[in-house]
Structures are given as C-alpha cells and as structure tokens.
1. For region 46-69, how many residues are assigned to a helix (DSSP H, G or I) and at pLDDT 65 or above?
2. If you scan region 15-43, which residues turn out to be aliphatic (A, V, I, L, M), exposed (fewer than 15 other Cβ atoms within 10 Å of the Cβ) and assigned to a helix (DSSP H, G or I)?
3. What about TYR7, is it among the aromatic types (Phe, Trp, Tyr) and surrounded by fewer than 14 Cβ atoms within 10 Å (Cβ to Cβ)?
4. Can you work out which of the residues in region 8-24 that are of a type in the set (A, V, I, L, M) and more than 18 Å from the chain's Cα centre (by Cα) is farthest from GLY52 (Cα to Cα)?
5. Between a first residue in region 1-22 that is under 24 Å from PRO33 (Cα atoms) and a second residue that is among the small types (Gly, Ala, Ser) and at pLDDT 90 or above, which pairs have beta carbons less than 6 Å apart while being 6 or more apart in sequence or on different chains?
6. In region 1-14, how many are outside any helix (DSSP H, G or I) and of a type in the set (A, V, I, L, M)?
7. For region 70-91, name all the residues that are assigned to a strand (DSSP E or B) and modelled with pLDDT under 85.
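The values are calculated or read from the model by the stated rules, or taken from the named source; none is laboratory data. Just so you know, these numbers come straight off a predicted model, no measurement behind them. Because the Cβ atoms are built from the backbone with ideal geometry, glycine has one as well, and the counts that use them run over all protein chains shown.
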Amino acid sequence: MNKFLGYAITAIGAIGFALTFQSLRDTIKLTLPSAISELYLTISSLVVLAIGLFIIVKSDSPSSKQPEEIPIYEGQGKHRKLVGIQRVGKK
C-alpha cells in the first residue's frame, strides 16, 4: 500500500477529530451542519484516523517486502561456498 495515501487519510481523520472541539470551531468561525452531530463526527473521524494509521504501519512492515536476490550455497557449515544468486521479482 502507498505510504502517502496513509498519511493523507490520517491527516483527514485528524482534522475531522480536531473539528469536534467547540473552542477550535469558534476560533475558525465554523459551524457544523445540523445533520451532523458531534458524536458521529468524533466516531467517523477516529475510524478514518485508525484506517490511515493502519495503512502507514502496513506499508512499513518488513514481511511485505521480498528480498530482490537470494544467495545459493553449496556445502554446509564453514565449508559452504556461494555458487549463485537467484533474482526474485523485477527491479
């Protein structure tokens, strides 16, 4: 997954969560539509924030990245020699 997408979704969730505070809305002179309650805005912004953080963490996980090259050895222990390298995937 794209890390930039995760940061963008996290920022949207953080802005939405910040708008749940009445003092911030008074400072920037913003009023919420009557159809949106503070509870729904809080819950939805926290869900969006969690999804963004999940995408960021998932894009950083080392298990999702495969090595580009795998060494091939012959022999065992101290007597093994590198005989080749197998390429995995495209560069």
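1. The number of residues fulfilling the criteria is 15.
2. ILE15, ALA18, LEU24, LEU39, ILE43 - these are the residues of region 15-43 that are aliphatic (A, V, I, L, M), exposed (fewer than 15 other Cβ atoms within 10 Å of the Cβ) and assigned to a helix (DSSP H, G or I).
3. It is false that TYR7 is among the aromatic types (Phe, Trp, Tyr) and surrounded by fewer than 14 Cβ atoms within 10 Å (Cβ to Cβ).
4. Restricting to residues being of a type in the set (A, V, I, L, M) and more than 18 Å from the chain's Cα centre (by Cα), the top hit is LEU24.
5. ILE9/GLY52; THR10/GLY52; GLY13/SER45; GLY13/GLY52; GLY16/SER45; PHE17/SER45
6. 1
7. ARG87
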